Amino acid sequence: AWAHTARFLVTASQLHQLPQHALPEIAFVGRSNAGKSTAINTLTQQRRLAFASKTPGRTQHINLFELGPRQAADAVLADLPGYGYAAVERTAKLRWQEVMARYLAERSQLRGVVLLVDARHGPTELDQQLLRFVAPRVGTGEVRLLVALTKADKLSRHEAQRSLRAAEQVVGEFVTEHADVGLLLFSSLNRTGLDDLALTLHHWAHP
Ligand code: GDP
């Protein structure tokens with residue numbers, strides 16, 4: 001499958017270091033521990049791909065991966081820094097906010113954002129900040145949004161439905177109902193939502 005072609009492209013600690021490629025870029029964002037690395041690794045079927053982002057000193061980096069045929073990549077997956085660790089100092093938080101705000105508002109290659117949210121907790125304050133950063137471009141249709149409620153295997157059917165409804169309500173506070181926004185239950189453990197996620201990304205990259 002297309003997503004399985006992913007290969008490491010570049011790591012950047014600052015936005016101006018990101019390559020100005022001509023491909024559609026799809027960003028993965030989420031709170032630390034939401035299951036982002038596991039989701040990327042499951043999606044790409046590469047067990048350690050996204051764990052490069054977790055090596056010390058790299059946790060605040062943006063890591064790009066190419067997708068598509070080796071000599072003819074047709075999309076870029078961007079793994080953005082996880083956020084929300086209580087221990088992080090104030091200056092680091094402010095820097096994170098600035099990087100995320102600018103990336104989401106200004107990265108011209110950006111075509112889609114996958115926001116990973118722990119299904120048990122729902123969107124946190126920082127997730128909502130992110131939604132606020134990207135909402136204007138989602139509103140115009142320039143950027144698509146998919147909210148993946150992760151670790152769905154930990155919820156009963158009833159809890160999962162409740163989590164979906166609660167997340168839908170929060171997301172609805174930031175984007176108009178006509179915007180192209182998806183919401184799905186996801187589990188890397190039992191592969192819930194995996195096909196939908198892969199199809200969505202493919203569709204974003206090949207409109
Ligand atoms: P990240 O910080 O967002 O990259 O999160 P990780 O991918 O490192 O996952 C954080 C923790 O959640 C790890 O202990 C994972 O094993 C666990 N985890 C990730 N995805 C799932 C899932 O689908 N189901 C369950 N039950 N645990 C998961």
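The values are calculated or read from the model by the stated rules, or taken from the named source; none is laboratory data. Since the structure is predicted, the reported quantities are computational estimates derived from the model, not experimental observations. All Cβ positions, glycine included, derive from the backbone under ideal geometry; neighbour counts span all protein chains shown.
Got a number for residues in region 95-115 being of a type in the set (S, T, N, Q) and surrounded by fewer than 15 Cβ atoms within 10 Å (Cβ to Cβ)? Even if it seems obvious, please write down each step before you answer.
In the first step, residues of region 95-115 are kept if they are of a type in the set (S, T, N, Q); the result is 97, 108-109.
Now restrict to residues that are surrounded by fewer than 15 Cβ atoms within 10 Å (Cβ to Cβ): 108.
Adding up the residues that qualify gives 1.
What tally of residues in region 116-171 results from selecting those that are hydroxyl-bearing (Ser, Thr, Tyr), within 16 Å of the ligand (Cβ to nearest atom) and surrounded by fewer than 22 Cβ atoms within 10 Å (Cβ to Cβ)? Spell out the reasoning first.
Here is the first cut: in region 116-171, the ones hydroxyl-bearing (Ser, Thr, Tyr) are 124, 140, 150, 156, 163.
Retained after the next criterion (residues that are within 16 Å of the ligand (Cβ to nearest atom)): 124, 150, 156, 163.
Right, trim to surrounded by fewer than 22 Cβ atoms within 10 Å (Cβ to Cβ) and you get 124, 156, 163.
Residues in region 116-171 being hydroxyl-bearing (Ser, Thr, Tyr), within 16 Å of the ligand (Cβ to nearest atom) and surrounded by fewer than 22 Cβ atoms within 10 Å (Cβ to Cβ): 3 in total.
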remark   = Scanning region 146-161 for residues that are assigned to a helix (DSSP H, G or I) and small (Gly, Ala, Ser) gives ALA152, ALA160
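Within region 77-94, restricting attention to residues that are free of Cβ contacts under 8 Å to residues at least 12 places away in the same chain and of a type in the set (D, E, K, R), which residue is surrounded by the most Cβ atoms within 10 Å (Cβ to Cβ)? Before the answer, list the steps.
Taking region 77-94 as the starting set, the residues that turn out to be free of Cβ contacts under 8 Å to residues at least 12 places away in the same chain are 86-91, 93-94.
Cutting the leftovers down to of a type in the set (D, E, K, R) gives us 89-90, 93.
On the way: GLU89: 8, ARG90: 7, LYS93: 14.
Top of the filtered list is LYS93.
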query = If you take just the helices (runs of 4 or more DSSP H) that sit entirely in region 28-145, which of them hold at least 2 residues that are under 24 Å from LEU185 (Cα atoms)?
reply = 36-44, 125-139
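Given the structure, is ASP74 under 25 Å from GLU159 (Cα atoms) and of a type outside the set (A, V, I, L, M)?
Numbers: under 25 Å from GLU159 (Cα atoms): no; of a type outside the set (A, V, I, L, M): yes.
Criteria not met by ASP74.
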ask   = Do we have ARG132 as basic (Lys, Arg) and in contact with an Asp or Glu (Cβ under 7 Å, 6 or more places away or on another chain) here?
value = no
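For region 15-65: of the residues being hydroxyl-bearing (Ser, Thr, Tyr) and within 11 Å of the ligand (Cβ to nearest atom), which is modelled with the lowest pLDDT?
Step one: filter region 15-65 for residues hydroxyl-bearing (Ser, Thr, Tyr), giving 32, 37-38, 42, 44, 53, 55, 59.
Now restrict to residues that are within 11 Å of the ligand (Cβ to nearest atom): 32, 37-38, 42, 53, 59.
Numbers: SER32: 90, SER37: 93, THR38: 95, THR42: 96, SER53: 62, THR59: 67.
For region 15-65, the residue satisfying everything is SER53.
Being in contact (Cβ under 8 Å) with a residue 24 or more places away in the chain, more than 16 Å from the ligand (Cβ to nearest atom), closer than 30 Å to GLU66 by Cβ and within 17 Å of the chain's Cα centre (by Cα) is the requirement here; does GLY193 meet it? Steps first, please.
Numbers: in contact (Cβ under 8 Å) with a residue 24 or more places away in the chain: yes; more than 16 Å from the ligand (Cβ to nearest atom): no; closer than 30 Å to GLU66 by Cβ: yes; within 17 Å of the chain's Cα centre (by Cα): yes.
Answer is no for this residue.
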query = Quick one: SER13 ticks every box in (1) over 14 Å from the mean Cα position of the chain (by Cα); (2) closer than 15 Å to VAL113 by Cα bar one, so which box is it?
reply = (2)
request  = Kindly provide the set of residues from region 157-190 that are touching a helix residue (DSSP H, G or I) at 6+ places or on another chain (Cβ under 7 Å) and more than 17 Å from ARG137 (Cβ to Cβ), ordered by number.
outcome  = ALA160, VAL170, LEU183, LEU184, LEU185, PHE186, SER187, SER188, LEU189, ASN190
